[in-house]
Each structure stands twice: as structure tokens, then as C-alpha cells.
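Comments concern the structure below.
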Amino acid sequence: MTASARFARPSPPMFPSGEKPDRTGTSSASGGTTSLRLPLTGENAPLVALLGRPNVGKSTLFNRLIRSRRAVTHDRPGITRDRMEGTVKRKGERTFLLVDTGGITPGGGRSAAAVPEGLRGFEDEVLAQAQAAVHDADLLCLVADARDGPTPQDERLASFLRKTGKDILLVLNKVDGPENEDILAVEFHRFGLPLVCCSAAHGHNVRELEDELRRRIFPAEASVCKDTPGTTTAEGAEKAVEEAGGDAGADAGHLRLALLGRPNVGKSSLVNALLGETRMIVSEKEGTTRDSVDVRARVNGTDLVFVDTAGVRQPARVTDTVERYSVNSSLKSSSKAQVTLLVLDAAQGLTRQDKRLVELLNERKTPFMLLANKTDLFKGDARRDNEKELQEALAFIPHIPLLFISAESGRNLDKIVPLALELRRECALRIGTGLLNRAMAQVLERHRPPGVKGGRAKFFYLTQAEKDPPTFVFFVNDADLVRPAYARSLEKALRALFGIRHAPMRVNFRSSHARKKNYGGARRTHDNERQ
């Protein structure tokens, strides 16, 4: 049985035309309820789907509208495979969801010559992702390349989408200026669909497109642009894309869990198993996932955002530019997540690349947990030996939680979210200075600092400088008298006293009184020292 067959389920009919779909489902893996479209602004936000054949600029338009470079874009066709959701926001306007999909090659476009190399072997999966987007959408945007003119694939897609009975907007992309609109749009009028001309790459008319989308999904409000009227300039649109945060505020209150790991360790399979549905494309081929895809869910009453990322290989092996973009996106997603789930392949043990990722996350003080996947491949004594071997290999980071799981059998999947919540609680811990200093006195009484070259560190007081992660500062007479071994013992004592079992922690030492000008204000950071 292939990996994709493991999670196969019956798909809705090709571009169904039934009633409004129910957007909730039950997660068999966790026993909770999974919502495919959670309330983002106190209500169920409408969804707009971007559809079209490969290389018409859907992902570039997606990035432009959500004002964030979330989707990987490239001149090479067939880059996008999974569907990706983002939010479109503007001050004073209502928020709506936008979903990007892979290039669709229905009917005659299924010939090998018509399918881009990046989509070959994934045609059915990409089409199923587009079906799901159409099924959930309130408005369908058929994106076409105006410079190519109407193609047979565009006409077939328009015919398919009409059968849904949903509102359709034809978006003609790659129209670089108003002087080209009438010339490039004339042949597309035969589709009989309302159309908007724009250029996602240069920003032409993107603001007008956003206004038109709002008018169609919020017809009673007749949304009108409150900013400067007229065509959006390329400079203004580029500035909008660079705005900090993008659509990050849409997930306020959600726990973001980023899945990180080498290619083909089962990250997408794990997301599907946690959701109880085929949300991500799964294949035995390495590099199936290319974008960092946000998947919103509600598990046992907790609002979550799972971020499935592309596999991270050793830098020396990454020669393709698309893979390089994907790897950078994966690492960036991990840094922005509240908890990172580092997935390992239990059958392969702790590889060199796994250890590099562990050391990277540990050095950055990223809250993370280790998930050893594919444990269903072992039985009895072999499983116990495999688990013992992994535990011994990870003994250098004893505070990092390790779960042995199986996306295939569902083993221990119900423990992932509670453990992530506990890790998040520890990261947000704030301890009063008085309590810290009483604890410090107890620790120093039991274990005095060792003498160093005729001197001994004298501790004055302890305070917590910040949280996320918890950062503690010891003020001493001379930070150079605190050796790494003693610093580690203090960190261990703090963890035991305040129940910080798994969260990353920073322990700094600062000289409180200047003995000489060379030592005044000297600081030692335990995190960066190696013995």
C-alpha cells in the first residue's frame, strides 16, 4: 500500500453543484472536532478560491492579496501542489479567506506533454485539492494568462466551474497597464463571465480586484476603497506586500504548530491523521510538499494552526532554486511558530541532518518536541530496542520531550496537542523576583559555587528578564567565576523548582559591581558556552 493510499477517502464529485457544504468534521485521531474554516474575526469568514491552469500567476496573486510572501513562486510551471489558505485584510474592511490551488489540467490537458514536469504524477491529487477548494468557496476566481489569450484548458475550466452554480469572476493576469486592457481582454468576453484585468507581478489594478472581490462576497455592504482612488501603482502594491505581519493577525488566539523535518518522514501524513481527512498531498516521492501550508483546526476545543513544511535536506544537497526557497520557508515557519514538532523517521534513527536540526532549534531556543514517526514498522522487542536507541542518541538534550508515534496506526497522536499546550504554558511562565531569590538562596545553600583561580562567585540576586522563552539573569560579583558546569546545575535546579520540564531556557550571568574597567558590566551567557 502506498503512502497516498493510506489516507485516501472518497472525494466529492468533480466540481459539485450541491448545497453549501458543512465545514466541520470529526477528527478520528484525536477524538475532537476539526473545523476546516474556523472563525477568524468573530464570524465564519467567506472564502475565495483561485483556480486556473499552471503558470498563470495564481500564487503571485495570492501573495499580493494577502500582503505576504507565503506561497513559493517561480517562473517554472507546476510549483504549487497543495492548496494554501491566507487572509485578505484592510483597515476598515471585513476580512475574508483566500485559497491558492495548484494548476489544473483537466480533460485533454492530462497528456504528458501538457502537464508541467512538477505536476506529473500528482495530477489527481492536485485536482482533488482544487475540488475541495471549489466545494468550500463562496466565490470562484478563474485566473487566466491574458498574454496567452483564451486556451482550450481555460474554456474547459470555465465550463466545469459554471456547473457549480457559484459566482465566478474571471481574472486576467499579466496585464501590465491600462493601455493593454482592451486589447488583451477582447477575446475573453466570449466566456460570458465578469472579468477584471490586473498584474500580480507589478501590482496593476490589484486594489480594484480586491474591491471587486469584497463587493461580490459582501454585496449588502458594497465595499468601496477608502484609500486613494484609481489604479494601484506598482510602488504602492510592492509596499503593501512588504507590510509586516501580512495575514499573521488572522490566527490570533490559535496555537501555531509547525511540522519540521527531513523529506519523507511523514509530516503531511501526520497532518492528515490529526485532522482525520486527506488535507495534504502524500506521496512516497521526496519533496512532495513545497509550500509552508497553514491548516486551521479545532481539536478538543483548542484552536490550532498546523503548519506543514517542506522537507529540509543538508545544505550541500540543495541545488534546485525552488527547493532552496522551500527550505528557507520551512525554517522561517518554524521560527514564527509557537511550538515546533520536529518529526523523525524511527526506522532510520537519528540521522546527521536530524541532529543538525535538533541543534539548530536548541541553539535558537525554539520551543520544540520530537516525534519519532513510523513506529508501526517495529513490533515487540524490535520496537523497544529502537526506542532505547533513539533515547540514548538524544541524551544530550534531556529536557526536550520525545514521543513515539505512528501516523499510520494513530499511536500516541492524542498526546501531541496536550504536550504542545504544556510546552506553551511553560514558555509563558512569569515568576516573581522575590520567589526567585528565595529559591536561589536554597540552591546556593545546598550547592556552593566552586572556587576558580583563588576566587569564588558571589551571587547577589536573581530576576526573570523575559519570557518566551523564560530568561533568568543572575547578578554576581564576577561573571567569569561561574563555570559552565555550575551554570548547568543552576539551570537544572530552576527547572526542578518551578516545573519547567520541557521549555527552552536562557540563564545569563552579569557582573553587578565593577572591580576593574575591563570587568565592569561583564556578562556571560550560559547558552553559547561549550565545554
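Below is a table of values for the structure above.
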{"read-out": "Residue match in segment 173-189 (condition: in contact (Cβ under 8 Å) with a residue 60 or more places away in the chain, surrounded by 17 or more Cβ atoms within 10 Å (Cβ to Cβ) and either closer than 22 Å to Val48 by Cβ or out of contact with any Phe, Trp or Tyr (no Cβ under 6 Å at 6 or more places or on another chain) (or both))", "value": "yes"}
{"read-out": "Search result, residues across segment 89-111 that are open to solvent by less than 70 Å² (accessible area, probe 1.4 Å) and modelled with pLDDT under 60", "value": "Pro106, Gly107, Gly108, Gly109, Ser111"}
{"read-out": "Spans of strands (runs of 3 or more DSSP E) in segment 394-495 with at least 1 residues small (Gly, Ala, Ser)", "value": "459-466"}
{"read-out": "Candidate set from segment 404-454 (those that are under 19 Å from Pro367 (Cα atoms) and of a type in the set (D, E, K, R)); member that is surrounded by the fewest Cβ atoms within 10 Å (Cβ to Cβ)", "value": "Arg430"}
{"read-out": "Filter result (of a type in the set (D, E, K, R), in contact with a Cys (Cβ under 7 Å, 6 or more places away or on another chain) and farther than 21 Å from Val88 by Cα) within segment 181-222", "value": "Glu181"}
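The values are calculated or read from the model by the stated rules, or taken from the named source; none is laboratory data. A quick note: this is a predicted structure, and the numbers were derived from the prediction, not measured. Please note: Cβ atoms are built from the backbone with ideal geometry, for glycine as well, and neighbour counts cover all protein chains shown. Just so you know, the surface numbers come from the protein's heavy atoms only, side chains and all, with ligands and any DNA or RNA stripped out. Shrake-Rupley method; radii C 1.70, N 1.55, O 1.52, S 1.80 Å.
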